[in-house]
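So the structure is just underneath, and the comments pick up after that.
The values are calculated or read from the model by the stated rules, or taken from the named source; none is laboratory data. These numbers were taken from a predicted model, which means no experiment stands behind them. Glycine also receives a Cβ, built like all others from the backbone with ideal geometry; neighbour counts cover every protein chain displayed.
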Amino acid sequence: MAEIIKVGLILMLVALVAAVALGLVNSRTASIIAVQKELEKQNAMNEVAGSLSPGDSLAFDSLSVAGLENPYMICDNTLNVMRVSVPPDTSSVGYVFIAYGKGYSSTVQTMAAVELDGSISSTIILYQQETPGLGANVENPSKLIEKFNRLTASECLLTKDGGGIDAMTGCTITSRAVTNSVRTGLEAMNEAGLFNSGDNEPAEENPADATVESSEEGGTE
């Protein structure tokens, strides 16, 4: 009995030391990881918004839009819209937002640049943890998201759902998650009046530094 208690105490001590060590490592690396993620978002914004204007530098301002609904509550995320302009001109050249869709094994994050008329200019996958070799192929633009370019909300549908976008082979769940998440974001922006002629600013600006707040596969999807 004494031997069993001794072994138990040793195991408890090892677990305690491991937990403390893990906590220390996490506390030291959390801020570094957060900064890295923000940098990745900034780089993605510049990359995807580059399709909106030939300008060398772009400015991103968060918008506070009355009546803008949030279609991403089911993913525990929020629709945040960034206005894109080319300094020193402050007029909009388009918008950038992140779409969140529940895929087969992860919530896929898709950043989209949108023209003032509501058509998609460019897209990029920010995050996914889908099945390697199947849904993870969504990171290859030619597999799916490249097909979104020039489409409006009503056109952003898979062929299986009555649209004209072919799903990735064997990856209907991932394909639908990405397509539907982008479409619902566009629909919310359209209903909030963001897609007008662009002559007037459609929403109140928050002139802060650019920040973005933030199916697979192995069977029939």
- Task: Output the residue which, of all residues in the range 87-106 that are under 21 Å from Glu40 (Cα atoms) and more than 9 Å from the chain's Cα centre (by Cα), is surrounded by the most Cβ atoms within 10 Å (Cβ to Cβ).
- Result: Tyr95
- Determine which member of the set Gly118, Gly135, Gly185, Gly218 is at pLDDT below 95 and of a type in the set (Gly, Ala, Ser). Gly218
- Going by the conditions given, is Pro54 modelled with pLDDT under 90, within 26 Å of Asn149 (Cα to Cα) and exposed (fewer than 10 other Cβ atoms within 10 Å of the Cβ)? yes
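Listed residues Val212, Val178; which is among the β-branched types (Val, Ile, Thr) and at pLDDT below 95? Break it down stepwise before answering.
Working: Val178 fails: at pLDDT below 95.
Exactly one residue qualifies, and that residue is Val212.
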- Subset of the range 38-90 (residues that are assigned to a loop (DSSP other than H, G, I, E, B), among the small types (Gly, Ala, Ser) and closer than 18 Å to Val114 by Cα): Gly50, Ser51, Ser53, Gly55, Ser57
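Listed residues Thr131, Thr123, Thr110, Thr174; which is polar (S, T, N, Q) and assigned to a helix (DSSP H, G or I)?
Details: Thr131 fails: assigned to a helix (DSSP H, G or I); Thr123 fails: assigned to a helix (DSSP H, G or I); Thr110 fails: assigned to a helix (DSSP H, G or I).
Residue meeting the stated conditions: Thr174.
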- Item | Single match in Ile173, Ile125 (criterion: modelled with pLDDT of 95 or more, crowded, with 16+ Cβ neighbours inside 10 Å and either farther than 20 Å from Asn43 by Cβ or over 16 Å from the mean Cα position of the chain (by Cα) (or both)) | Ile173
